[in-house]
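One structure is given here, and the rest of the page talks about it.
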Amino acid sequence: MAEQESPKIRIVEVGPRDGLQSLNAHYSVETRLEWIGKLALAGIQEIECGAFVRADLVPAMANSEQIFQSLADTPFRKWALVPNRRGLQSALDSGADALAFFTSATEGFSQKNTACSREESLDRFHAMVPESGDLPLRAYLSCCFECPYDGTVDPEEVLRMAVQLQKAGATEIVISDTIGSARPEQIAPLFRLLGDQLPLSMLALHLHDTHGRALECARKAWDHGITSFDASAGGLGGCPFAPGATGNVATEALVQLFEDMGINTGIDLDQLKATRSWFTSQSPIQS
């Protein structure tokens with residue numbers, strides 16, 4: 001009898017971007033590069049390494065061009081967050097090999113996070129797609145469960161925005177629980193709704209662990225066909241434009257969850273924990 005192939009899971013490490021951007025501190029290019037290198041050595045194949053955003057608004061992402069230029073010859077996939085065509089061009093010039101855009105399922109968060117409406121953000125995305133070439137292009141869809149400004153989110157609005165992003169050219173859509181409010185019982189209904197019009201293979205889940213429910217939400221999503229997850233080493237993160245958005249689900253906790261389920265992540269958990277310990281010992285730049 002042929003050996004059954006083990007199920008595949010994909011974890012995108014977002015600590016060096018989403019993790020750092022919310023801290024009231026920023027780290028040197030050298031520290032960021034060493035951290036990224038250690039994460040890659042632990043077996044992480046995709047890392048969000050920085051963001052091409054205004055440094056006065058997100059100081060932790062300053063000098064992202066140096067990060068990507070220094071990582072040019074590394075074998076792992078290097079994601080760059082880009083808000084517009086100017087950020088996109090800077091990312092391409094700096095050597096990013098995968099691009100991430102962000103919009104929102106709610107109007108209130110779109111205005112606070114990007115100073116534009118949801119429809120305007122879709123227009124921005126449309127303008128960026130032709131210039132992204134054949135690079136992977138993921139679209140973060142924020143506030144898919146609850147919004148700090150608009151309250152509970154209608155799943156139909158999540159679906160509407162997700163379908164628009166797919167039609168515009170996104171290769172992946174990241175369903176994001178921006179303030180960590182998702183409950184496990186919400187996961188299956190939302191992904192059933194999305195799966196009626198979108199292939200589950202193009203959907204990923206981005207969880208925050210504000211109320212300690214992220215791991216159970218991840219398990220429910222896996223049970224309903226989702227195989228791609230974002231996580232942040234050490235649970236760092238949160239959105240600076242989303243009040244109450246505490247840390248992302250920790251990469252080491254997510255790896256442990258799936259390994260305990262018999263799912264090989266390809267990530268060395270001990271090395272990942274050592275990397276977390278190393279980073280917590282590093283000092284930020286004094287401002």
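The values are calculated or read from the model by the stated rules, or taken from the named source; none is laboratory data. As the structure is a prediction and not an experimental result, all values here were calculated from the model. Note that each Cβ is placed from the backbone with ideal geometry, even for glycine, and that neighbours are counted across all protein chains shown.
Just to be sure I understand, how many residues within the range 57-110 are among the aromatic types (Phe, Trp, Tyr) and in contact (Cβ under 8 Å) with a residue 60 or more places away in the chain? Explain how you work it out, then say what you get.
Of the residues in the range 57-110, the ones among the aromatic types (Phe, Trp, Tyr) are 68, 76, 79, 101-102, 109.
Then drop every residue that is not in contact (Cβ under 8 Å) with a residue 60 or more places away in the chain, which leaves 79, 101, 109.
Selection size over the range 57-110: 3.
Among the residues of the range 133-174, how many are buried (at least 22 other Cβ atoms within 10 Å of the Cβ) and among the hydroxyl-bearing types (Ser, Thr, Tyr)?
Final tally of qualifying residues: 2.
Which pairs do you get when a residue that is closer than 16 Å to Glu146 by Cα and modelled with pLDDT of 95 or more, found in the range 183-196, comes within reach of a residue that is among the small types (Gly, Ala, Ser) and not in a loop (DSSP other than H, G, I, E, B), reach meaning Cβ atoms under 6 angstrom, with the pair 6+ apart or on two chains?
Ile187/Ala221
What residue, among those in the range 112-123 that are crowded, with 18+ Cβ neighbours inside 10 Å and modelled with pLDDT of 95 or more, is farthest from Glu48 (Cα to Cα)?
Selected residue: Arg118.
Take the range 197-214 and flag every residue that is more than 13 Å from the chain's Cα centre (by Cα) and either under 24 Å from Ala100 (Cβ atoms) or without any contact (Cβ under 8 Å) to a residue 24 or more places away in the chain (or both). Spell out how you get there, then give the answer.
At the first step, the residues of the range 197-214 found to be more than 13 Å from the chain's Cα centre (by Cα) are 197-202, 209-214.
Those that are more than 13 Å from the chain's Cα centre (by Cα) and either under 24 Å from Ala100 (Cβ atoms) or without any contact (Cβ under 8 Å) to a residue 24 or more places away in the chain (or both): Gln197, Leu198, Pro199, Leu200, Ser201, Met202, Asp209, Thr210, Gly212, Ala214.
Would you kindly identify the helices (runs of 4 or more DSSP H) lying entirely within the range 46-137 that contain at least 1 residues that are farther than 30 Å from Glu156 by Cα?
Per the criteria, 64-70, 85-94.
Quick check: is even one residue across the range 253-270 closer than 20 Å to Gly180 by Cβ, in contact (Cβ under 8 Å) with a residue 24 or more places away in the chain and not hydrophobic (A, V, I, L, M, F, W, C)?
No, the range 253-270 contains no residue that is closer than 20 Å to Gly180 by Cβ, in contact (Cβ under 8 Å) with a residue 24 or more places away in the chain and not hydrophobic (A, V, I, L, M, F, W, C).
Collect the residues in the range 1-17 that are at pLDDT 95 or above and over 10 Å from the mean Cα position of the chain (by Cα), keeping them in residue-number order.
Within the range 1-17, Ile9, Arg10, Pro16 qualify.
Residue-by-condition table, conditions (1) of a type in the set (A, V, I, L, M); (2) touching a Leu at 6+ places or on another chain (Cβ under 8 Å); (3) closer than 19 Å to Ala221 by Cβ:
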residue	(1), (2), (3)
Ala115	yes, no, no
Glu120	no, no, no
Cys144	no, yes, yes
Gln166	no, yes, yes
Glu185	no, no, yes
